[in-house]
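Structure below; questions to follow.
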Amino acid sequence: MNKNIGKILKEARILSGVSVKEISDILVNKGYKASESTIYSWENENSQPTPGAFLVMCGTYGIKNVLDTFGYNGYKKDGSIQLNMKEIDIIEKYRFTTKYSPEGITTVDTVLNREYAIAEQLKEQKERIEELESENTPQRIIAYYQRLASAGSGDYLFDDIPTDFIRVKSTAISRQADFVIGVNGRSMEDTYHDGDRVFVKKLTEIDIGDIGVFTRGNDCFIKELGTDRLISHNQDKDAYPDIPASDDIRLVGKVLGIVDE
């Protein structure tokens, strides 16, 4: 944390038009020991506010990005972790919850581990995008779901996070697409084949005769939209039957065409 925390708080208070008495009253009403002399002590770097009082002051002064404002990068000069006041506040709450609500801390741990795993995936995706963009090619980077759309008996449902990002040629079709999906199975031959990759535009409606990506439960299909069914293009209807219309079928989007290699 920036060593001039008091100076920054004072400048932010003055800029926001809040008097020493006003911030003192706000903090006291929230249960903090913060007389006017205490506020002056903080601003003159003679002492520092508690994490809770500090966050209240930041909120009152309109400081939105606390970390940037106070010059915090998360690490000391020796490379060890340096906690900011918000992080200290969170740790104190974590310990308090651990002591008095053991079941509650289990929920906190579950959510934290889940979000951490998601953050790791997002970090990898961001690095992948930056790597592709750094090549400075006249192409487009697009989300890619690998072999999710079954052109056969069905496969698994979309995840919230794309499995990968790929670089495709920048064409009129690719610029309309929201993502690319891999074809899995033979029910749409000879229009699409197993292993093909196709562009998909997210839509809530398509016309009869259009080819779309549909889900039903945990199954995901590429099929032609018929009047009362999803149609397979493969003529072997015993192996690849059409799918009768039902309320549990959901349209994901329209297939625009094949991704050129």
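The values are calculated or read from the model by the stated rules, or taken from the named source; none is laboratory data. Source: prediction; values computed, not measured. FYI the Cβ positions are ideal-geometry reconstructions off the backbone, even for glycines, and counts take in every protein chain you see. Note: accessible area is taken over every heavy atom of the protein model, side chains too, but ligands, DNA and RNA are not part of it. Shrake-Rupley method; radii C 1.70, N 1.55, O 1.52, S 1.80 Å.
For residues in region 29-88 being modelled with pLDDT under 90, exposed (fewer than 15 other Cβ atoms within 10 Å of the Cβ) and of a type in the set (D, E, K, R), which is farthest from residue 10 (Cα to Cα)?
Ranking the candidates gives 78 first.
Let's see how each residue does on (1) farther than 22 Å from residue 143 by Cβ; (2) modelled with pLDDT of 90 or more:
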residue: 213; (1), (2): no, yes
residue: 229; (1), (2): yes, yes
residue: 234; (1), (2): yes, yes
residue: 237; (1), (2): yes, no
residue: 241; (1), (2): yes, yes
residue: 245; (1), (2): yes, yes
residue: 257; (1), (2): no, yes
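Can you tell me which residue within region 215-227, out of those that are open to solvent by 70 Å² or more (accessible area, probe 1.4 Å) and not in a strand (DSSP E or B), is modelled with the highest pLDDT? If you could, list the steps in order and put the result at the bottom.
Initially, region 215-227 is screened for residues open to solvent by 70 Å² or more (accessible area, probe 1.4 Å), giving 216, 218, 227.
If we keep only those that are not in a strand (DSSP E or B) too, we end up with 218, 227.
Values: 218: 76, 227: 93.
Filtering region 215-227 for residues that are open to solvent by 70 Å² or more (accessible area, probe 1.4 Å) and not in a strand (DSSP E or B), the one modelled with the highest pLDDT comes out as 227.
When you check residue 21 against the structure, is it in a helix (DSSP H, G or I), under 15 Å from residue 69 (Cα atoms), open to solvent by 40 Å² or more (accessible area, probe 1.4 Å) and in contact with a helix residue (DSSP H, G or I) (Cβ under 8 Å, 6 or more places away or on another chain), yes or no?
Working: in a helix (DSSP H, G or I): yes; under 15 Å from residue 69 (Cα atoms): no; open to solvent by 40 Å² or more (accessible area, probe 1.4 Å): yes; in contact with a helix residue (DSSP H, G or I) (Cβ under 8 Å, 6 or more places away or on another chain): yes.
Spelling it out, it is not the case that residue 21 is in a helix (DSSP H, G or I), under 15 Å from residue 69 (Cα atoms), open to solvent by 40 Å² or more (accessible area, probe 1.4 Å) and in contact with a helix residue (DSSP H, G or I) (Cβ under 8 Å, 6 or more places away or on another chain).
What residue, among those in region 115-155 that are open to solvent by 80 Å² or more (accessible area, probe 1.4 Å) and closer than 18 Å to residue 202 by Cα, is modelled with the lowest pLDDT?
Filtering region 115-155 for residues that are open to solvent by 80 Å² or more (accessible area, probe 1.4 Å) and closer than 18 Å to residue 202 by Cα, the one modelled with the lowest pLDDT comes out as 147.
With respect to residue 240, determine if the residue is buried (at least 17 other Cβ atoms within 10 Å of the Cβ) and under 21 Å from residue 168 (Cα atoms). Let's see the steps before the verdict.
Details: buried (at least 17 other Cβ atoms within 10 Å of the Cβ): yes; under 21 Å from residue 168 (Cα atoms): no.
So residue 240 does not fit the description; no.
Can you tell me which condition residue 250 does not meet? The list is (1) part of a loop (DSSP other than H, G, I, E, B); (2) touching a strand residue (DSSP E or B) at 6+ places or on another chain (Cβ under 8 Å), and all the others hold.
(1)
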